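Engineer: Sharing a structure, written as structure tokens. Questions coming.
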Amino acid sequence: MKILAVDDDWMILELLEQAMSVSGQHELTTVTSGEKAIRLLEQGEQRFDCFLLDIQMPHIDGVELCRVIREMPMYKRTPILMATAMSQKAYIDRAFAAGASDYVTKPFDFEELETRLTTAARMERHRARGTTNNSAVVAFKEILNRALRHSLSEPFEIQGVKRAVGFMSFENYVLTLPIANLFTASVFAVQISKIKDLHKELKPIEFHELITDVAKAISLATEEAGSIFSYRGNGMFMCFVASSKGVEFEKIEEAVQREIASLRLARSASSSATRALNVVVGEPAAMRIFNRATPLKKATSYVEKRSKELEDLSIAIAKASEPLENMDEELSARRQSYETILQDLLGEGSADLRSRVAH
């Protein structure tokens with residue numbers, strides 16, 4: 001990759017240059033301030049595949065620089081790694097909220113840094129393929145549909161929704177947080193009901209619109225909790241709450257459903273994406289363990305179990321109503337037969353009698 005490293009410490013930049021020259025896998029450009037980085041990017045003479053940003057820099061810090069880079073159309077999804085000495089949760093939250101893809105603390109191990117860069121390279125290759133496919137999106141709706149065609153299991157990134165981050169960014173965020181911050185944290189999952197049917201029935205652009213609407217609803221419903229969340233494919237979102245204190249998890253599902261209804265009503269009535277949409281929110285799983293992957297698995301199993309219970313209940317109610325529907329049809333048929341017989345026996349004078357029988 002072509003990497004731009006921004007740090008006001010020239011010794012760090014020299015170490016990075018030495019490490020990159022040894023690995024021989026990347027081409028490194030370095031600048032010593034956010035202002036110089038912005039000027040370089042605005043000139044547009046070079047196209048970078050990845051950024052390494054320090055946070056503590058004068059005038060424009062790394063978080064603000066990250067936000068500026070994300071506002072540039074060509075760098076909306078380019079990997080941005082924060083390489084900084086700041087390990088406090090407040091800095092980590094600000095960085096990921098600004099659009100960071102990963103977070104590495106100084107002094108960093110260069111083998112670990114190379115591993116993170118390898119992951120970033122995979123992300124960039126995936127982004128580049130998407131950019132190639134999207135070249136004619138503005139002009140042709142069919143091309144847009146093809147560009148937005150995702151498999152049901154694909155955890156694609158959602159743009160423009162507050163606190164919604166990419167799948168890899170969410171994983172990196174959870175892995176980066178200090179252990180002390182995990183003792184009060186929880187994760188919970190949100191599952192879209194009948195997602196297989198929706199994915200099959202909707203056009204790609206409508207399915208993408210549906211997922212984005214649910215993301216907006218989750219963002220609005222969890223604003224007070226301040227949760228960071230990501231779409232993980234199969235109609236499921238994973239939400240991270242820094243502190244469970246004061247969070248009424250049992251009311252989140254109702255709030256998400258209410259926000260979805262509001263968003264869907266705002267859609268044009270002619271859009272097939274305005275159809276009824278339901279979500280299920282699972283129980284929270286505490287992060288108070290050293291294996292950080294386990295709570296994510298628990299949160300997934302909680303919401304899948306509840307989805308299955310609600311589906312079974314819906315089927316049971318539907319089956320229970322079948323005899324009543326059959327009985328109603330039978331009574332209606334009998335009434336019609338009686339009316340026919342009465343008409344034959346009494347002729348035109350039967351109107352009053354038929355009315356009495358009907359009631």
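The values are calculated or read from the model by the stated rules, or taken from the named source; none is laboratory data. Since this is a predicted model, take the numbers as computed values, not measurements. Here the Cβ is made from the backbone with ideal geometry for all residues, glycine too, and neighbour counts use every protein chain on show. When the accessible area is computed, the model is the full protein with side chains, heavy atoms only, and any ligands, DNA or RNA have been set aside. Shrake-Rupley method; radii C 1.70, N 1.55, O 1.52, S 1.80 Å.
Engineer: Give the residue list of trypsin sites (Lys or Arg not before Pro) in region 1-54 that are DSSP loop and have at most 11 other beta-carbon atoms within 10 angstrom.
Structural biologist: Arg47
Engineer: Relative to the present Cα-Cα distance, how much length would full extension add between Arg47 and Thr184 at 0.36 nm per residue of separation?
Structural biologist: 45.1 nm
Engineer: Would you kindly compute the Cα radius of gyration of region 1-123 and its largest Cα-Cα separation (Dmax), both in Å?
Structural biologist: According to the Cα coordinates of region 1-123, Rg and Dmax are 13.0, 36 Å.
Engineer: So how do Phe156, Phe249 rank on accessible area, 1.4 Å probe, biggest first, that is with the largest at the start?
Structural biologist: Phe249, Phe156
Engineer: Compute and list, largest first, the equivalent-ellipsoid semi-axes of region 180-224 from the alpha carbon gyration tensor, each √(5λ) rounded to a whole angstrom.
Structural biologist: Rounded to whole Å, the semi-axes are 29, 13, 8.
Engineer: Let me ask something else about it. Taking 0.36 nm per residue of separation and subtracting the Cα-Cα distance, what length does fully extending Phe110 through Gln56 add?
Structural biologist: Fully extending the segment from Phe110 to Gln56 adds 17.4 nm.
Engineer: What is the sum of charges around Gly160, taking Lys and Arg as +1, Asp and Glu as -1, for the other residues whose C-beta is under 13 Å from the C-beta of Gly160?
Structural biologist: It works out to a net charge of +2.
Engineer: Let me ask you something else. Using the Cβ atoms and a cut-off under 13 Å, what net charge is assigned to the surroundings of Thr300, where Lys and Arg are +1 and Asp and Glu are -1?
Structural biologist: That works out to +4.
Engineer: Through the Karplus equation 6.51 cos²θ - 1.76 cosθ + 1.60, θ set to phi - 60°, convert the phi angles of region 90-103 into ³J(HN,Hα) values in whole Hz; use x for Gly and Pro.
Structural biologist: Each residue of region 90-103 in turn: 4, 5, 4, 4, 4, 5, 5, 5, 7, x, 5, 8, 7, 8 Hz.
Engineer: Return the long-range amide H neighbours of Phe156 (sequence gap of 5 or more, or a different chain), with a cut-off of under 5 Å between placed amide H atoms.
Structural biologist: It is Gly233, by chain and number.
Engineer: May I pose another question? Starting from 0.36 nm per residue, how many nanometres of slack lie between Lys203 and Arg39 once their C-alpha separation is accounted for?
Structural biologist: Length gained between Lys203 and Arg39: 54.9 nm.
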